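Structure first, then comments.
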Amino acid sequence: MIEKTTPSGHGEIDALILRALVRKMVANGLLSPDDVRAVLFDAATRLDLVGSDLTPEAARIVVEEDLAPLFLGS
């Protein structure tokens, strides 16, 4: 089976689908908001925004101010 690569420009739709999937899983009780925050925190600590991974405090701020509202709603 040959897999197609995602053409450039589809990153936005991928992000929208991912956020909708996470919201649906929270609504159905498959994930809790704390589970989502924990996954986002784990990912955020690996972000390289300033030449190195974020500190735990910086990652926590990114999660609470930027990522959690996107994935969990306002």
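The numbers here are math on the coordinates, done by the rules we state, and not lab data. Worth saying up front: this structure is predicted, and the values here are computed from it rather than measured. Positions of Cβ are generated from backbone atoms using ideal geometry, with glycine treated the same way; all protein chains shown enter the neighbour counts.
Helical content of the chain, expressed as a calculated mean residue ellipticity at 222 nm, amounts to -16500 deg cm²/dmol (DSSP H runs of 4 or more residues, -39,500 (n - 2.57) each, divided by residue number, nearest 500). What you get for the chain, charging only the Cβ of Lys and Arg (+1) and of Asp and Glu (-1), is a dipole of about 320 debye around the Cα centre. Annotation: extensible slack from V39 through L18 equals 6.2 nm (criterion: 0.36 nm per residue apart, minus Cα-Cα distance). Ranking P33, A58, T45 by Cα position along the charge dipole of the chain, where only Lys, Arg, Asp and Glu carry charges on their C-beta atoms, puts P33 farthest toward the positive end.
I want to verify the translational diffusion coefficient of the chain in µm²/s; compute it with Stokes-Einstein, Rh as the Kirkwood radius over Cα pairs, at 25 °C and 0.890 mPa s. So the translational diffusion coefficient is about 179 µm²/s.
Which FRET efficiency value, to the nearest 0.05, is calculated for L72 and S52 with the Förster distance at 22 angstrom and r the Cβ-Cβ distance?
Numbers: r = 28 Å, r/R0 = 1.26.
After rounding to 0.05, the efficiency reads 0.20.
With +1 on each Lys and Arg Cβ and -1 on each Asp and Glu Cβ, how big is the dipole of region 31-73 about its Cα centre, in debye rounded to the nearest 20?
Numbers: 3 positive and 9 negative charges, 9 e Å.
The dipole magnitude comes to about 40 debye.
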